Amino acid sequence: LSETIKVLNDDDALDLFKKTLPSPDTSLMQLTSATSSQRTAALNAIRVAQRHVPREQRTSLDLLALSLSGKGSTKGFEKVIKMCDDMVEMLKKEQVDDDNKKEYCNTQLDMTEDKLKALDRAISDEEAAIASAEEGLAALGEELKALEAGIKSLDKSVGEATEQRKAENVEYKELMASDSAAKQLLEFAKNRLNKFYNPKLYKPPAEQELSAEDQIFVNNGGTPPPTEAPGGIAGTGVTAFVQIKQHSTLKDAPAPPPATWSAYQSKSEEHNGVTAMMDLLIKDLDKEMTEAETEEKEGQKDYEALMSDSAAKRAADTKALTEKSSAKAEMEGELQSHEESHAAAVSELMATEKYMQSLHAECDWLLQYFDVRKQARADEVDSLNRAKAVLNGADYSLLQEKQSSSSSSSPGFLERRK
(Lines give C-alpha, C1' and ligand atoms only; values in the text may rest on other atoms or scores of the structure.)
Protein backbone atom coordinates (compact mmCIF):
# COMPACT_ATOMS: atom_id res chain seq x y z
CA LEU A 1 0.00 0.00 0.00
CA SER A 2 2.78 2.39 0.86
CA GLU A 3 4.40 1.69 -2.50
CA THR A 4 1.10 2.32 -4.34
CA ILE A 5 0.61 5.66 -2.56
CA LYS A 6 4.18 6.56 -3.36
CA VAL A 7 3.58 5.88 -7.07
CA LEU A 8 0.38 7.89 -7.15
CA ASN A 9 1.92 10.83 -5.31
CA ASP A 10 4.94 10.98 -7.56
CA ASP A 11 5.50 14.43 -9.13
CA ASP A 12 5.20 13.11 -12.66
CA ALA A 13 1.99 11.22 -11.74
CA LEU A 14 0.52 14.34 -10.13
CA ASP A 15 1.29 16.41 -13.23
CA LEU A 16 -0.38 13.76 -15.40
CA PHE A 17 -3.48 13.70 -13.14
CA LYS A 18 -3.64 17.49 -13.17
CA LYS A 19 -3.83 17.48 -16.97
CA THR A 20 -6.34 14.69 -17.24
CA LEU A 21 -8.59 15.22 -14.20
CA PRO A 22 -10.82 18.35 -13.66
CA SER A 23 -9.74 18.93 -10.08
CA PRO A 24 -7.05 17.40 -7.96
CA ASP A 25 -9.26 17.82 -4.90
CA THR A 26 -11.96 15.58 -6.32
CA SER A 27 -11.72 11.90 -5.96
CA LEU A 28 -11.59 9.83 -9.15
CA MET A 29 -14.75 7.93 -8.31
CA GLN A 30 -16.76 11.06 -7.51
CA LEU A 31 -15.66 12.80 -10.74
CA THR A 32 -16.46 9.82 -12.89
CA SER A 33 -19.87 9.36 -11.29
CA ALA A 34 -20.94 13.03 -11.54
CA THR A 35 -19.68 13.46 -15.13
CA SER A 36 -21.30 10.24 -16.30
CA SER A 37 -24.65 11.25 -14.83
CA GLN A 38 -24.63 14.70 -16.41
CA ARG A 39 -23.39 13.32 -19.73
CA THR A 40 -26.20 10.76 -19.80
CA ALA A 41 -28.84 13.43 -19.12
CA ALA A 42 -27.47 15.70 -21.85
CA LEU A 43 -27.20 12.78 -24.27
CA ASN A 44 -30.84 11.90 -23.62
CA ALA A 45 -31.86 15.48 -24.45
CA ILE A 46 -29.87 15.23 -27.69
CA ARG A 47 -31.54 11.89 -28.51
CA VAL A 48 -34.93 13.56 -28.07
CA ALA A 49 -33.93 16.31 -30.48
CA GLN A 50 -32.71 13.73 -33.00
CA ARG A 51 -36.13 12.12 -33.12
CA HIS A 52 -37.68 15.47 -34.25
CA VAL A 53 -35.20 16.13 -37.03
CA PRO A 54 -35.04 14.37 -40.43
CA ARG A 55 -32.08 12.08 -40.95
CA GLU A 56 -30.48 14.31 -43.60
CA GLN A 57 -30.62 17.36 -41.28
CA ARG A 58 -29.33 15.93 -37.97
CA THR A 59 -25.61 15.70 -38.72
CA SER A 60 -24.79 18.30 -36.10
CA LEU A 61 -26.88 16.48 -33.49
CA ASP A 62 -25.15 13.22 -34.38
CA LEU A 63 -21.82 14.96 -33.86
CA LEU A 64 -22.98 16.23 -30.44
CA ALA A 65 -24.18 12.78 -29.47
CA LEU A 66 -20.87 11.34 -30.56
CA SER A 67 -19.00 13.95 -28.54
CA LEU A 68 -21.05 13.18 -25.43
CA SER A 69 -20.74 9.44 -25.77
CA GLY A 70 -17.02 9.42 -26.56
CA LYS A 71 -14.22 8.67 -24.11
CA GLY A 72 -12.99 12.21 -24.21
CA SER A 73 -16.24 13.57 -22.77
CA THR A 74 -14.88 13.26 -19.24
CA LYS A 75 -12.52 16.16 -19.85
CA GLY A 76 -15.29 18.78 -19.54
CA PHE A 77 -18.22 20.08 -21.58
CA GLU A 78 -16.99 23.48 -22.79
CA LYS A 79 -16.56 22.25 -26.36
CA VAL A 80 -19.96 20.53 -26.35
CA ILE A 81 -21.68 23.60 -24.89
CA LYS A 82 -20.01 25.71 -27.61
CA MET A 83 -21.37 23.31 -30.22
CA CYS A 84 -24.85 23.62 -28.67
CA ASP A 85 -24.63 27.41 -28.83
CA ASP A 86 -23.47 27.30 -32.45
CA MET A 87 -26.31 24.94 -33.39
CA VAL A 88 -28.90 27.13 -31.68
CA GLU A 89 -27.61 30.18 -33.56
CA MET A 90 -27.63 28.23 -36.81
CA LEU A 91 -31.21 27.05 -36.21
CA LYS A 92 -32.34 30.58 -35.45
CA LYS A 93 -30.69 31.81 -38.63
CA GLU A 94 -32.33 29.02 -40.62
CA GLN A 95 -35.70 30.00 -39.17
CA VAL A 96 -35.13 33.65 -40.13
CA ASP A 97 -34.18 32.51 -43.64
CA ASP A 98 -37.34 30.41 -43.84
CA ASP A 99 -39.44 33.36 -42.61
CA ASN A 100 -37.92 35.62 -45.25
CA LYS A 101 -38.31 32.95 -47.93
CA LYS A 102 -41.93 32.43 -46.98
CA GLU A 103 -42.62 36.15 -47.22
CA TYR A 104 -40.80 36.27 -50.55
CA CYS A 105 -42.72 33.26 -51.89
CA ASN A 106 -46.12 34.59 -50.82
CA THR A 107 -45.35 38.02 -52.29
CA GLN A 108 -44.04 36.64 -55.58
CA LEU A 109 -46.87 34.13 -55.93
CA ASP A 110 -49.49 36.84 -55.34
CA MET A 111 -47.79 39.27 -57.73
CA THR A 112 -47.34 36.61 -60.40
CA GLU A 113 -50.94 35.44 -60.05
CA ASP A 114 -52.17 39.03 -60.43
CA LYS A 115 -49.92 39.44 -63.46
CA LEU A 116 -51.31 36.26 -65.03
CA LYS A 117 -54.86 37.52 -64.54
CA ALA A 118 -53.95 40.90 -66.04
CA LEU A 119 -52.29 39.20 -69.03
CA ASP A 120 -55.34 36.97 -69.54
CA ARG A 121 -57.55 40.07 -69.58
CA ALA A 122 -55.15 41.85 -71.94
CA ILE A 123 -55.10 38.89 -74.32
CA SER A 124 -58.88 38.66 -74.22
CA ASP A 125 -59.16 42.40 -74.94
CA GLU A 126 -56.69 42.17 -77.81
CA GLU A 127 -58.54 39.20 -79.30
CA ALA A 128 -61.81 41.14 -79.11
CA ALA A 129 -60.12 44.16 -80.72
CA ILE A 130 -58.66 41.96 -83.47
CA ALA A 131 -62.06 40.39 -84.17
CA SER A 132 -63.68 43.84 -84.26
CA ALA A 133 -60.99 45.18 -86.59
CA GLU A 134 -61.34 42.20 -88.91
CA GLU A 135 -65.11 42.65 -89.03
CA GLY A 136 -64.65 46.36 -89.71
CA LEU A 137 -62.15 45.66 -92.48
CA ALA A 138 -64.52 43.13 -94.06
CA ALA A 139 -67.38 45.65 -93.94
CA LEU A 140 -65.18 48.40 -95.38
CA GLY A 141 -64.00 46.04 -98.09
CA GLU A 142 -67.59 45.33 -99.12
CA GLU A 143 -68.43 49.05 -99.03
CA LEU A 144 -65.39 49.86 -101.17
CA LYS A 145 -66.35 47.19 -103.69
CA ALA A 146 -69.90 48.56 -103.81
CA LEU A 147 -68.63 52.12 -104.32
CA GLU A 148 -66.22 51.06 -107.06
CA ALA A 149 -68.95 49.06 -108.78
CA GLY A 150 -71.35 52.02 -108.43
CA ILE A 151 -68.84 54.42 -109.98
CA LYS A 152 -68.20 52.03 -112.87
CA SER A 153 -71.94 51.55 -113.41
CA LEU A 154 -72.48 55.33 -113.26
CA ASP A 155 -69.72 55.94 -115.79
CA LYS A 156 -71.23 53.30 -118.04
CA SER A 157 -74.70 54.82 -117.71
CA VAL A 158 -73.31 58.28 -118.46
CA GLY A 159 -71.53 56.93 -121.52
CA GLU A 160 -74.66 55.21 -122.76
CA ALA A 161 -76.76 58.33 -122.11
CA THR A 162 -74.21 60.44 -124.00
CA GLU A 163 -74.25 58.08 -126.97
CA GLN A 164 -78.05 58.06 -126.92
CA ARG A 165 -78.14 61.88 -126.76
CA LYS A 166 -75.76 62.10 -129.69
CA ALA A 167 -77.87 59.67 -131.71
CA GLU A 168 -81.06 61.59 -130.86
CA ASN A 169 -79.40 64.87 -131.84
CA VAL A 170 -78.21 63.41 -135.14
CA GLU A 171 -81.70 62.06 -135.80
CA TYR A 172 -83.19 65.43 -134.90
CA LYS A 173 -80.88 67.27 -137.26
CA GLU A 174 -81.61 64.82 -140.06
CA LEU A 175 -85.34 65.16 -139.45
CA MET A 176 -85.18 68.93 -139.45
CA ALA A 177 -83.09 68.96 -142.62
CA SER A 178 -85.38 66.49 -144.36
CA ASP A 179 -88.58 68.23 -143.29
CA SER A 180 -87.16 71.61 -144.24
CA ALA A 181 -86.20 70.31 -147.66
CA ALA A 182 -89.65 68.72 -148.12
CA LYS A 183 -91.31 71.95 -147.10
CA GLN A 184 -89.20 73.97 -149.52
CA LEU A 185 -89.96 71.53 -152.31
CA LEU A 186 -93.71 71.74 -151.64
CA GLU A 187 -93.58 75.51 -151.56
CA PHE A 188 -91.61 75.50 -154.80
CA ALA A 189 -94.20 73.26 -156.47
CA LYS A 190 -97.05 75.35 -155.07
CA ASN A 191 -95.43 78.52 -156.40
CA ARG A 192 -95.03 76.96 -159.85
CA LEU A 193 -98.70 76.02 -159.86
CA ASN A 194 -99.57 79.59 -158.92
CA LYS A 195 -97.58 80.80 -161.91
CA PHE A 196 -100.05 79.09 -164.22
CA TYR A 197 -103.29 78.96 -162.21
CA ASN A 198 -103.03 81.96 -159.94
CA PRO A 199 -100.38 84.37 -161.22
CA LYS A 200 -101.18 86.92 -158.52
CA LEU A 201 -99.80 84.58 -155.88
CA TYR A 202 -96.74 83.67 -157.92
CA LYS A 203 -93.42 84.71 -156.48
CA PRO A 204 -90.71 85.04 -159.10
CA PRO A 205 -87.24 83.89 -158.19
CA ALA A 206 -84.88 86.49 -156.85
CA GLU A 207 -82.96 88.33 -159.54
CA GLN A 208 -79.43 87.33 -159.99
CA GLU A 209 -77.07 89.60 -158.19
CA LEU A 210 -74.36 90.78 -160.51
CA SER A 211 -70.85 91.43 -159.49
CA ALA A 212 -69.56 94.98 -159.72
CA GLU A 213 -67.81 94.23 -163.02
CA ASP A 214 -70.87 92.55 -164.56
CA GLN A 215 -73.10 95.39 -163.41
CA ILE A 216 -70.84 97.95 -165.16
CA PHE A 217 -70.85 95.77 -168.25
CA VAL A 218 -74.67 95.58 -168.31
CA ASN A 219 -75.03 99.29 -167.69
CA ASN A 220 -72.95 99.94 -170.75
CA GLY A 221 -75.35 97.89 -172.87
CA GLY A 222 -73.78 94.57 -172.51
CA THR A 223 -75.56 91.28 -172.13
CA PRO A 224 -75.70 89.99 -168.56
CA PRO A 225 -73.98 86.70 -167.96
CA PRO A 226 -76.20 83.64 -168.19
CA THR A 227 -77.89 82.55 -164.99
CA GLU A 228 -76.65 79.25 -163.72
CA ALA A 229 -79.26 76.56 -163.60
CA PRO A 230 -80.32 75.82 -160.03
CA GLY A 231 -79.19 72.47 -158.74
CA GLY A 232 -80.83 70.28 -156.20
CA ILE A 233 -83.94 68.24 -156.79
CA ALA A 234 -85.13 68.60 -160.42
CA GLY A 235 -83.36 71.93 -160.74
CA THR A 236 -85.37 73.49 -157.97
CA GLY A 237 -82.36 74.27 -155.77
CA VAL A 238 -83.84 72.11 -153.02
CA THR A 239 -81.42 69.49 -151.64
CA ALA A 240 -81.69 66.48 -149.33
CA PHE A 241 -84.38 64.80 -151.38
CA VAL A 242 -82.91 61.43 -150.59
CA GLN A 243 -83.11 62.24 -146.90
CA ILE A 244 -86.69 63.29 -147.37
CA LYS A 245 -87.44 60.06 -149.17
CA GLN A 246 -85.80 57.94 -146.46
CA HIS A 247 -87.66 59.82 -143.77
CA SER A 248 -90.97 59.65 -145.60
CA THR A 249 -90.75 55.89 -145.75
CA LEU A 250 -90.92 55.84 -141.95
CA LYS A 251 -94.17 57.79 -141.91
CA ASP A 252 -97.59 56.61 -142.83
CA ALA A 253 -98.43 56.83 -146.49
CA PRO A 254 -100.69 59.79 -147.39
CA ALA A 255 -104.36 59.10 -147.54
CA PRO A 256 -105.76 58.29 -150.94
CA PRO A 257 -107.57 61.08 -152.83
CA PRO A 258 -111.28 61.40 -152.23
CA ALA A 259 -113.65 59.40 -154.43
CA THR A 260 -114.85 62.59 -156.12
CA TRP A 261 -111.35 63.61 -157.12
CA SER A 262 -112.05 62.78 -160.79
CA ALA A 263 -115.12 64.97 -160.72
CA TYR A 264 -113.06 68.12 -160.56
CA GLN A 265 -112.71 69.00 -164.19
CA SER A 266 -111.86 72.64 -164.26
CA LYS A 267 -108.31 73.86 -163.95
CA SER A 268 -109.21 76.12 -161.10
CA GLU A 269 -110.74 73.34 -159.13
CA GLU A 270 -107.80 71.08 -159.83
CA HIS A 271 -105.41 73.81 -158.74
CA ASN A 272 -107.28 74.48 -155.52
CA GLY A 273 -107.33 70.81 -154.59
CA VAL A 274 -103.64 70.32 -155.21
CA THR A 275 -102.80 73.53 -153.36
CA ALA A 276 -104.91 72.50 -150.37
CA MET A 277 -103.22 69.15 -150.27
CA MET A 278 -99.79 70.82 -150.36
CA ASP A 279 -100.81 73.21 -147.59
CA LEU A 280 -101.92 70.23 -145.51
CA LEU A 281 -98.57 68.50 -146.06
CA ILE A 282 -96.68 71.66 -145.20
CA LYS A 283 -98.76 72.00 -142.03
CA ASP A 284 -97.94 68.41 -141.08
CA LEU A 285 -94.27 69.10 -141.69
CA ASP A 286 -94.40 72.23 -139.52
CA LYS A 287 -96.11 70.28 -136.76
CA GLU A 288 -93.59 67.50 -136.95
CA MET A 289 -90.70 69.95 -136.90
CA THR A 290 -92.20 71.79 -133.91
CA GLU A 291 -92.65 68.55 -131.99
CA ALA A 292 -89.15 67.41 -132.88
CA GLU A 293 -87.72 70.75 -131.74
CA THR A 294 -89.62 70.51 -128.44
CA GLU A 295 -88.47 66.94 -127.91
CA GLU A 296 -84.90 67.95 -128.69
CA LYS A 297 -84.98 70.75 -126.13
CA GLU A 298 -86.50 68.49 -123.47
CA GLY A 299 -84.05 65.69 -124.27
CA GLN A 300 -81.12 68.08 -124.03
CA LYS A 301 -82.47 69.50 -120.77
CA ASP A 302 -82.89 66.02 -119.30
CA TYR A 303 -79.42 65.05 -120.49
CA GLU A 304 -77.84 68.10 -118.89
CA ALA A 305 -79.68 67.38 -115.62
CA LEU A 306 -78.49 63.77 -115.78
CA MET A 307 -74.92 64.91 -116.37
CA SER A 308 -75.10 67.35 -113.46
CA ASP A 309 -76.59 64.79 -111.08
CA SER A 310 -74.14 62.11 -112.24
CA ALA A 311 -71.19 64.44 -111.75
CA ALA A 312 -72.37 65.29 -108.22
CA LYS A 313 -72.94 61.62 -107.40
CA ARG A 314 -69.58 60.62 -108.82
CA ALA A 315 -67.82 63.32 -106.82
CA ALA A 316 -69.60 62.18 -103.64
CA ASP A 317 -68.83 58.51 -104.32
CA THR A 318 -65.20 59.32 -105.12
CA LYS A 319 -64.90 61.29 -101.87
CA ALA A 320 -66.51 58.44 -99.93
CA LEU A 321 -64.17 55.98 -101.66
CA THR A 322 -61.14 58.04 -100.65
CA GLU A 323 -62.33 58.39 -97.05
CA LYS A 324 -63.14 54.70 -96.70
CA SER A 325 -59.81 53.73 -98.27
CA SER A 326 -58.07 55.93 -95.71
CA ALA A 327 -60.18 54.44 -92.91
CA LYS A 328 -59.33 50.94 -94.14
CA ALA A 329 -55.61 51.72 -94.15
CA GLU A 330 -55.88 53.14 -90.62
CA MET A 331 -57.84 50.11 -89.45
CA GLU A 332 -55.27 47.78 -91.00
CA GLY A 333 -52.60 49.61 -89.00
CA GLU A 334 -54.66 49.21 -85.83
CA LEU A 335 -55.16 45.52 -86.60
CA GLN A 336 -51.42 45.03 -87.03
CA SER A 337 -50.80 46.86 -83.75
CA HIS A 338 -53.36 44.69 -81.94
CA GLU A 339 -51.83 41.54 -83.43
CA GLU A 340 -48.37 42.58 -82.27
CA SER A 341 -49.70 43.43 -78.80
CA HIS A 342 -51.51 40.10 -78.69
CA ALA A 343 -48.36 38.20 -79.66
CA ALA A 344 -46.33 40.10 -77.06
CA ALA A 345 -48.95 39.42 -74.38
CA VAL A 346 -49.04 35.71 -75.26
CA SER A 347 -45.24 35.53 -75.12
CA GLU A 348 -45.20 37.34 -71.78
CA LEU A 349 -47.95 35.06 -70.49
CA MET A 350 -45.92 31.97 -71.40
CA ALA A 351 -42.84 33.40 -69.68
CA THR A 352 -44.91 34.31 -66.61
CA GLU A 353 -46.45 30.84 -66.47
CA LYS A 354 -42.96 29.35 -66.67
CA TYR A 355 -41.85 31.65 -63.85
CA MET A 356 -44.91 30.61 -61.84
CA GLN A 357 -43.95 26.97 -62.31
CA SER A 358 -40.45 27.72 -61.04
CA LEU A 359 -41.95 29.56 -58.06
CA HIS A 360 -44.12 26.56 -57.22
CA ALA A 361 -41.12 24.25 -57.56
CA GLU A 362 -39.16 26.53 -55.26
CA CYS A 363 -41.84 27.45 -52.74
CA ASP A 364 -44.54 24.77 -52.56
CA TRP A 365 -42.52 22.41 -50.36
CA LEU A 366 -41.47 25.23 -48.04
CA LEU A 367 -44.99 26.62 -47.72
CA GLN A 368 -46.47 23.17 -47.20
CA TYR A 369 -44.05 22.14 -44.45
CA PHE A 370 -43.24 25.57 -43.04
CA ASP A 371 -45.14 25.07 -39.78
CA VAL A 372 -43.81 21.52 -39.37
CA ARG A 373 -40.24 22.69 -39.97
CA LYS A 374 -40.70 25.62 -37.61
CA GLN A 375 -42.03 23.39 -34.86
CA ALA A 376 -39.28 20.82 -35.39
CA ARG A 377 -36.67 23.53 -35.31
CA ALA A 378 -38.18 24.95 -32.09
CA ASP A 379 -38.15 21.46 -30.54
CA GLU A 380 -34.55 21.02 -31.58
CA VAL A 381 -33.58 24.37 -30.06
CA ASP A 382 -35.43 23.42 -26.87
CA SER A 383 -33.62 20.09 -26.68
CA LEU A 384 -30.28 21.77 -27.25
CA ASN A 385 -31.03 24.32 -24.56
CA ARG A 386 -31.96 21.54 -22.16
CA ALA A 387 -28.78 19.66 -23.00
CA LYS A 388 -26.79 22.85 -22.51
CA ALA A 389 -28.55 23.44 -19.19
CA VAL A 390 -27.69 19.91 -18.10
CA LEU A 391 -24.09 20.38 -19.12
CA ASN A 392 -23.88 23.72 -17.38
CA GLY A 393 -25.45 22.11 -14.32
CA ALA A 394 -22.77 19.40 -14.44
CA ASP A 395 -19.98 21.95 -14.38
CA TYR A 396 -21.74 23.87 -11.64
CA SER A 397 -22.10 20.69 -9.53
CA LEU A 398 -18.42 19.93 -10.00
CA LEU A 399 -17.59 23.43 -8.91
CA GLN A 400 -19.69 23.01 -5.76
CA GLU A 401 -18.07 19.63 -5.19
CA LYS A 402 -14.63 21.16 -5.53
CA GLN A 403 -15.44 23.89 -3.06
CA SER A 404 -16.87 21.41 -0.53
CA SER A 405 -13.84 19.11 -0.95
CA SER A 406 -11.39 21.96 -0.44
CA SER A 407 -13.01 22.83 2.89
CA SER A 408 -12.65 19.24 4.12
CA SER A 409 -9.78 18.49 6.58
CA SER A 410 -8.68 15.28 4.90
CA PRO A 411 -7.19 15.54 1.36
CA GLY A 412 -8.05 13.08 -1.43
CA PHE A 413 -5.80 10.27 -2.29
CA LEU A 414 -4.61 12.01 -5.44
CA GLU A 415 -3.81 15.27 -3.62
CA ARG A 416 -0.11 16.15 -3.66
CA ARG A 417 1.42 16.04 -0.25
CA LYS A 418 3.09 19.14 1.21
Restrict the check to segment 156-176 and report whether at least one residue is loosely packed, with under 13 Cβ neighbours inside 10 Å, within 30 Å of Asn272 (Cα to Cα) and modelled with pLDDT of 75 or more.
no
Which one of these does Asp317 not meet: (1) open to solvent by 50 Å² or more (accessible area, probe 1.4 Å); (2) in contact (Cβ under 8 Å) with a residue 12 or more places away in the chain?
(1)
Select from segment 160-185 the residues that are of a type in the set (Phe, Trp, Tyr) and under 60 Å from the mean Cα position of the chain (by Cα) and list them in ascending order.
none
Criterion first (touching a residue at least 40 places away in the same chain (Cβ under 8 Å) and over 14 Å from Met331 (Cβ atoms)) does Asp114 satisfy it?
no
Criterion first (within 30 Å of Val381 (Cβ to Cβ) and open to solvent by 70 Å² or more (accessible area, probe 1.4 Å)) does Lys117 satisfy it?
no
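The values are calculated or read from the model by the stated rules, or taken from the named source; none is laboratory data. Here the structure is a predicted model, which is why all the values come from computation and not from measurement. FYI the Cβ positions are ideal-geometry reconstructions off the backbone, even for glycines, and counts take in every protein chain you see. All accessible areas refer to the heavy atoms of the entire protein, side chains included, with ligands and DNA or RNA removed. Shrake-Rupley method; radii C 1.70, N 1.55, O 1.52, S 1.80 Å.
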